[in-house]
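Student: A single structure is presented below for examination.
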Amino acid sequence: MNYNKAILGIALACTMLTSCDKPKSFPCEITIYRSADAGFDSISVYCYESDYMRSREVFLGKLNADTTRISENCNLKESRVGFFKLDNDSIAHYFVIEPGKLMVKLYKDNIILEGSASNRKLIMFRHKVNAILQAKDKIRDEYQKSISDSTLTAANEREWYVSDSILSDSLQKSLVEFMVINDAAAKIAREQYAPLLRESSWSEIEQSQEQ
């Protein structure tokens, strides 16, 4: 009798351990809002599954008049890289799919993501990168203008060179600091901003992933 109880106890313990080891899945609700002036009729949403090295279709269909809701099971421990395409457009709009509620707002000339910490972090990073690139473009335009109207001086050229170098170094530092964190937002950033990375920055990111 005691022997049978012991067997039963071991079986129950194994069952409990197995259930604890089972990956937990938490719901992710994506609400897609479409403004009246947006010319999009349909949307296709995908998430990238790193275990299988493939993109899985989450939703494909027509957009409702104002809002369309999509429910997707997400792994709490690992956010996923997601992207969506509008109508037959080949442009992929990348974002992070993670547990919780996410709002995608589609306007005629703009797309806004709300409700996700990872996406907020990614959007703030994009704003930071764009601000640096715009500052570099301004320096280049001023330099080109001074050449065209013959007002370029050695002092101005030196000042613009130093300013551009500082911005370039700041850009590389920002890219590396964001991308060494191996989460879904960093993976999206690496895909989007790879052409901006110096070879030395790439090496630093790759070395961090090997550690």
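Student: Work out how much length SER203 to ARG69 would gain on full extension: take 0.36 nm times their residue separation and subtract the Cα-Cα distance, in nm to one decimal.
Tutor: Extra length available between SER203 and ARG69 comes to 44.1 nm.
Student: Are any of the pairs LYS105/LYS173; LYS85/LYS136; LYS62/LYS108; LYS108/LYS136; LYS136/LYS173 more than 21 Å apart by Cα-Cα distance, and if so, which? Provide the component values of the computation, followed by the final result.
Tutor: Values: LYS105/LYS173 31 Å; LYS85/LYS136 31 Å; LYS62/LYS108 17 Å; LYS108/LYS136 28 Å; LYS136/LYS173 15 Å.
In this structure, LYS105/LYS173; LYS85/LYS136; LYS108/LYS136 lie more than 21 Å apart at Cα.
Student: Once label points are set 7 Å from the Cα along Cα→Cβ at both GLU210 and LYS145, what is their separation, rounded to one decimal in nm?
Tutor: For GLU210 paired with LYS145, the spin-label model returns 4.7 nm.
Student: If you average the sequence gap of Cα pairs under 8 Å that are 6 or more apart and divide by the length of region 126-211, what percent do you get for the contact order?
Tutor: Computed over region 126-211, the figure is 26 percent.
Student: Need one number: nm distance between label points at ILE166 and ALA154, each 7 Å from Cα along Cα→Cβ, rounded to one decimal.
Tutor: 2.2 nm
Student: Rounded if a/c is under 1.5, else prolate if a/b is larger than b/c, else oblate: which is region 75-211, with a ≥ b ≥ c the root eigenvalues of its Cα gyration tensor?
Tutor: oblate
Student: Could you calculate the FRET efficiency of ALA92 with LYS128 from 1/(1 + (r/R0)^6), where r is the beta carbon distance between them and R0 is 22 Å, rounded to 0.05?
Tutor: 0.50
Student: Within 10 Å, count the other beta carbons around each residue, average over each peptide in 111-118, 57-64, 100-107, 143-150, and list them highest first.
Tutor: Output ranking for 111-118, 57-64, 100-107, 143-150: 100-107, 111-118, 57-64, 143-150.
Student: Using a probe radius of 1.4 Å on heavy atoms only, what accessible surface per residue do you get for region 96-211? Whole Å² is fine.
Tutor: On a per-residue basis, region 96-211 sits at 62 Å².
Student: Report D for region 107-173 in µm² per second (integer): Stokes-Einstein, Kirkwood Rh on Cα pairs, 37 °C, 0.692 mPa s. It would help to have the intermediate numbers written out before the result.
Tutor: Details: Rh = 14.2 Å.
Answer, rounded: 231 µm²/s.
Student: Now for a separate question. Give the carbon-plus-sulfur fraction of the accessible surface of region 25-167 in %, rounded to a whole number; probe 1.4 Å, heavy atoms of protein chains only. Before the final figure, lay out each step's value.
Tutor: Working: 4540 of 8800 Å².
In region 25-167, the share of accessible area belonging to carbon and sulfur is 52 percent.
Student: Shifting gears a bit: Okay, which of region 183-208 sit inside 20 Å, backbone N to the point 7 Å along the Cα-Cβ direction of LYS136?
Tutor: Inside the label zone: 186-206.
The values are calculated or read from the model by the stated rules, or taken from the named source; none is laboratory data. What you are looking at is a predicted structure, and each value in this text was computed from that prediction instead of being measured. Note that we place each Cβ from the backbone using ideal geometry, even for glycine, and neighbour counts take in every protein chain shown. Each accessible area value is taken on the protein alone, full model and side chains, heavy atoms only, with ligands, DNA and RNA left out. Shrake-Rupley method; radii C 1.70, N 1.55, O 1.52, S 1.80 Å.
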